[in-house]
Amino acid sequence: MTKTAIELKNVTKKFKDHEVLKGINGVVEEGQVLSIIGPSGSGKSTLLRAMNQLSGPTSGEVIFEGQDLTKASKSDMAHLGEKIGMVFQSFNLFPNHTVLENVTLGPRRVKKLSTEQANQEAMEYLKQVGMADKANAYPNSLSGGQKQRVAIARALAMKPKVLFFDEPTSALDPENVGEVLKVIQKLADEQLTMVIVTHEMNFAKKVSDKIWFMADGQIVEENDPESLFNAPKEEKTKHFIEQVLMD
Ligand SMILES: Nc1ncnc2c1ncn2[C@@H]1O[C@H](COP(=O)(O)OP(=O)(O)OP(=O)(O)O)[C@@H](O)[C@H]1O
Ligand SMILES: [Mg+2]
């Protein structure tokens, strides 16, 4: 039996008169990896931000743990927000804190863990992403791939139910992409529920249970990776896939 992790009901987002999300409906199951692909400007980042309430929708519902996040009170949201992690393209590490401190800050402040407990757990997550030996380093001494692995450890330290990624590898030098994708693949193997916006088509094909192809603020096509890439149904999907395969 599958269980719903997040459900979107007719989600729209407007910036002034510009309707960027035009009624998104969809479900992410627990333990599932959903990748969102589509052309630049199609609304992928806006959709992620609407889902995790960084910038909530104009209308519609985002159901998480049985609650509509768009109507959750501030205190409910603080509690629910802890369970939704986010990894950004640009890492967003705190530059004047060490790697270890970056990972422990959230658990200490939000979850009220003791420093000792937080450090112990953080070291486990840093091991998991292969960054334990850099615990005392500062972010600016790390490569992009290393920074992103620390950012993933930091998100994991909050023990999220769902982890969102917005183009986690697009700011990286090509030689650093693989190490980050490997960490995300491992999390997928461990059945962490993830929603990944990515331009890495081969990775999306490999890691995902389901793909949404977005264009012009809508989900044009939803399918499993094999079907979506090898037998796209919609003209827009065909066109997009032909284009990215040519690159
Ligand atoms: N804060 C904002 N204010 C006004 N318009 C915005 C804002 N954020 C996004 N938009 C507009 O919404 C549309 C979708 O943007 P979004 O960033 O979601 O696209 P995207 O699919 O993530 O693109 P990319 O692949 O380039 O990251 C664009 O036309 C963008 O200009
Ligand atoms: Mg984007």
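For segment 200-247, the helices (runs of 4 or more DSSP H) that sit wholly inside it and include 3 or more residues that are among the β-branched types (Val, Ile, Thr) are 235-246. The residues in segment 1-29 that are among the charged types (D, E, K, R) and surrounded by 15 or more Cβ atoms within 10 Å (Cβ to Cβ) can be counted, and the count is 6. Restricting the search to strands (runs of 3 or more DSSP E) fully inside segment 1-120 and requiring at least 1 residues that are free of Cβ contacts under 8 Å to residues at least 40 places away in the same chain, within 16 Å of ligand 1 (Cβ to nearest atom) and outside the structural domain of residue 213 (by TED's automatic domain parsing) gives 4-15, 18-29.
For residues that are without any contact (Cβ under 8 Å) to a residue 40 or more places away in the chain and touching a Ser or Thr at 6+ places or on another chain (Cβ under 8 Å), tally how many sit in segment 135-158.
Result for segment 135-158: 3.
Picking from residues in segment 155-178 that are outside any loop (DSSP other than H, G, I, E, B) and under 13 Å from the mean Cα position of the chain (by Cα), the one that is farthest from ligand 2 (Cβ to nearest atom) is 156. Kindly provide the set of residues from segment 57-84 that are crowded, with 19+ Cβ neighbours inside 10 Å and either among the hydrophobic types (A, V, I, L, M, F, W, C) or at pLDDT below 95 (or both), ordered by number. Result: 62, 64, 69, 72, 81, 84. Can you name the residue in segment 1-49 that is farther than 22 Å from residue 209 by Cβ and among the aliphatic types (A, V, I, L, M) and is also nearest to ligand 2 (Cβ to nearest atom) among such residues? Filtering segment 1-49 for residues that are farther than 22 Å from residue 209 by Cβ and among the aliphatic types (A, V, I, L, M), the one nearest to ligand 2 (Cβ to nearest atom) comes out as 20.
The values are calculated or read from the model by the stated rules, or taken from the named source; none is laboratory data. In this text the structure is predicted, and so the values were computed from the model without any measurement. All Cβ positions, glycine included, derive from the backbone under ideal geometry; neighbour counts span all protein chains shown.
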